[in-house]
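Presented below is the structure to which this report refers.
The values are calculated or read from the model by the stated rules, or taken from the named source; none is laboratory data. A quick note: this is a predicted structure, and the numbers were derived from the prediction, not measured. Cβ: placed from backbone, ideal geometry, glycine included. Neighbour counts: every protein chain shown. Note: areas computed on protein heavy atoms with side chains; ligands, DNA, RNA excluded. Shrake-Rupley method; radii C 1.70, N 1.55, O 1.52, S 1.80 Å.
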Amino acid sequence: MADDKLDQQLDCALDLMRRLPPQNVEENLHGLIDLVPALCEDLLSSIDQPLKTAKCPETGKDYLLCDYNRDEDSHRSPWSNTYDPPLADGAVPSKELRDLEIAANQAFQVYTELYFEGGVSSVYLWDLDQGFAGVVLIKKVGDGSKKIKGCWDSIHVFEVQEAAKGQNATYKLTSTVMLWLETTKEGSGVMQLGGSLTRQKEQTFTLTDSTPHIANIGTMIEELENRMRSSLNEIYFGKTHNIVNDLRSVAPMSSQQAMHQVQSELASALKRKAAL
């Protein structure tokens, strides 16, 4: 009975978090944990939080923090492969996978520059019993110019399983995008808009010199991220645009009333004609 109650509380908490602004996820999550401490582990593992940035002490480059590069209270830098604060026995990828991780970080740094005109990206890989897994993180924060603030966070978690002969590989990708915007103008005041989406995709590629793992993973992430960007634009911005248009009338009320009257007269005439 107690487990059923906790499951119901977890469903309600997750449903509530989906409706709250993504920029306040951390604050709202702490509030839910204080309210129902028994759900702490489930909530932390189920809810994606906005990414945080740190600076690698060895290279001076920025990198992103998440559970996938954390060991105890330290985080591993993808640039130096060391933990900050230092951790003697922290988990690191194998030599072969580390080489792939370095190349992936360089590739997605270019991807971030091309698509977002700046921002921070990080790629972390880890070994599995069969194949390997990884995560691609991207964060772009608006500079606040033109009285517009905002942030884009995308988290792409993937698993790679190679076929027995190594000619094909199957990729399972789960992508989450969190976006929020805030505008401040004299005419409209402060307006906030935000939301998040999670999508999954599975695809099998043939492994060749021209299509290695990085190219295949990059292709999947690019396609899914573009699709999610279009969905966010349609769902949040499109609906907001329609609501604003319904609330604000450009034409005078007299013109609208005349148009409604003409529509009513046409409908009545059609009904009379149909009755004959």
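Listed values, structure above:
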quantity	calculated
Mean-position separation - Cα centroids, the stretch 1-60 and the stretch 164-218, in angstrom	21 Å
Volume of the Cα convex hull of the chain, divided per residue and given in Å³	269 Å³
Size-normalised alpha-carbon gyration radius of the stretch 116-195, reference 2.2 N^0.38 Å	1.61
Kirkwood-Stokes translational diffusion coefficient of the stretch 81-129, alpha-carbon pairs, 20 °C, 1.002 mPa s, µm²/s	175 µm²/s
For a label point 7 Å along the Cα-to-beta-carbon line of GLU222, residues of the stretch 142-186 with backbone N under 15 Å	none
Solvent-accessible area, 1.4 Å probe, carbon plus sulfur percent, for the chain	52 percent
Surrounding net charge for VAL25, when Lys and Arg each add one and Asp and Glu each subtract one, Cβ distance under 11 Å	-3
Helix 2-18 axis, angle to the chain major axis (alpha carbon atoms, nearest 10°)	70 degrees
The chain: calculated mean residue ellipticity at 222 nm from DSSP helix runs of at least 4, using -39500 (n - 2.57)	-13000 deg cm²/dmol
Equivalent ellipsoid dimensions for the stretch 170-244 as semi-axes, Å, which come from the Cα gyration tensor, largest first	36, 11, 9
Area accessible to solvent at HIS260, 1.4 Å probe radius, in Å²	100 Å²
Stokes-Einstein translational diffusion, the stretch 6-127 - Kirkwood Rh over all Cα pairs, 1.306 mPa s, 10 °C, in µm²/s	97 µm²/s
Convex hull of Cα atoms in the stretch 55-95, direction-averaged projection (nm²)	2.9 nm²
